[in-house]
Amino acid sequence: MNLALFDFDGTITTRDSLPDFIRYAVGRPAYYAGLAALSPVLLAYLAGLVPNHAAKQKLLSWFFRDWPAERFHSLAARYSSQRIDGMLRAEAIGKIDWHRQRGDRVVVVSASVQDWVQPWCENRGLELVATRLAVENGRLNGRFSTPNCHGEEKVRRIREYLDLDAYGRVYAYGDSHGDEAMLAIADEAFYRRF
């Protein structure tokens with residue numbers, strides 16, 4: 001059996017699901033007000049002064065800290081069923097289907113939050129390794145319960161989840177700097193192509 005690893009945002013989808021989910025969850029006015037309030041952090045991130053995981057955690061904490069976990073999970077599942085199919089990249093879906101027809105194991109490896117990617121993956125019979133949010137007393141506490149699944153952390157999480165030596169060939173598909181480490185462990189790597 002072979003293994004196919006797919007990044008989600010920008011690879012399977014045509015755009016990043018995180019800002020789209022936030023707008024969906026809180027509405028446009030609150031979304032743009034939050035971006036304005038967070039602009040120093042976001043500008044520092046764009047300038048390379050704040051790492052990806054720190055900027056992302058600040059963003060998610062700003063909008064969702066103290067939300068009831070069940071409310072967040074329910075909204076994420078609704079978002080998944082209503083929005084994700086409208087942002088899929090046809091070439092990526094074709095390649096996923098190609099791998100599945102060959103009997104390959106297909107795993108989505110994403111920095112996105114598990115809550116909205118998992119329902120989509122389950123509907124398609126795909127496995128998922130993703131970022132998870134921490135919950136305390138039934139509420140989101142504004143932190144990750146796992147490190148942000150980005151860059152080298154993608155590889156660490158893949159190796160924790162899978163025995164790569166058990167597969168004949170490993171394929172990997174990605175579209176950004178955050179996928180380079182995952183692409184580097186593959187026998188066949190596809191950067192912004194299928």
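Listed here are the helices (runs of 4 or more DSSP H) enclosed by the stretch 1-51 that have at least 2 residues being within 30 Å of Gly125 (Cα to Cα), under 19 Å from the mean Cα position of the chain (by Cα) and of a type in the set (A, V, I, L, M): 17-26. If you go through the stretch 36-75 and keep only what is farther than 15 Å from Val26 by Cβ and aromatic (Phe, Trp, Tyr), you end up with just Tyr45. Considering the stretch 7-22, and only residues there that are touching a helix residue (DSSP H, G or I) at 6+ places or on another chain (Cβ under 8 Å) and either among the acidic types (Asp, Glu) or exposed (fewer than 15 other Cβ atoms within 10 Å of the Cβ) (or both), the residue that is farthest from Asn148 (Cα to Cα) turns out to be Thr14. If you check Ala181, Ala76, Ala90, Ala134 for being more than 12 Å from the chain's Cα centre (by Cα) and under 14 Å from Thr11 (Cα atoms), only one passes: Ala90. Within the stretch 33-76, the set of residues being among the hydrophobic types (A, V, I, L, M, F, W, C) and in contact with a Gly (Cβ under 9 Å, 6 or more places away or on another chain) comprises Leu59, Leu60, Trp62, Phe63, Phe64, Ala69.
Might you check whether a residue that is surrounded by 17 or more Cβ atoms within 10 Å (Cβ to Cβ), at pLDDT below 95 and not aliphatic (A, V, I, L, M) occurs anywhere in the stretch 35-45? Yes. Within the stretch 144-184, if we keep just the residues that are free of Cβ contacts under 8 Å to residues at least 40 places away in the same chain and touching a strand residue (DSSP E or B) at 6+ places or on another chain (Cβ under 7 Å), the residue that is farthest from Ala69 (Cα to Cα) turns out to be Leu183.
When Arg28 is tested against (1) buried (at least 19 other Cβ atoms within 10 Å of the Cβ); (2) among the charged types (D, E, K, R); (3) farther than 19 Å from Cys149 by Cα, exactly one condition is not met: (1). Sort through Asp115, Asp104 and tell me the only one that's under 24 Å from Lys154 (Cβ atoms), over 17 Å from the mean Cα position of the chain (by Cα), buried (at least 18 other Cβ atoms within 10 Å of the Cβ) and not aromatic (Phe, Trp, Tyr). Asp104 is the lone residue from the list that is under 24 Å from Lys154 (Cβ atoms), over 17 Å from the mean Cα position of the chain (by Cα), buried (at least 18 other Cβ atoms within 10 Å of the Cβ) and not aromatic (Phe, Trp, Tyr).
The set of residues from the stretch 103-122 being free of Cβ contacts under 8 Å to residues at least 24 places away in the same chain and either touching a Leu at 6+ places or on another chain (Cβ under 6 Å) or more than 15 Å from Phe21 (Cα to Cα) (or both) comprises Cys121, Glu122.
For the stretch 56-85, residues that are touching a Leu at 6+ places or on another chain (Cβ under 9 Å), of a type in the set (A, V, I, L, M) and surrounded by fewer than 18 Cβ atoms within 10 Å (Cβ to Cβ) total 0. For the criterion of being touching a residue at least 24 places away in the same chain (Cβ under 8 Å) and either of a type in the set (Ser, Thr, Tyr) or within 21 Å of Pro147 (Cα to Cα) (or both), Tyr45 fails.
The values are calculated or read from the model by the stated rules, or taken from the named source; none is laboratory data. Quick caveat: nothing in here was measured; it's all calculated off a predicted structure. Quick reminder, even Gly has a Cβ in these numbers, built from the backbone with ideal geometry, and neighbours come from all protein chains shown.
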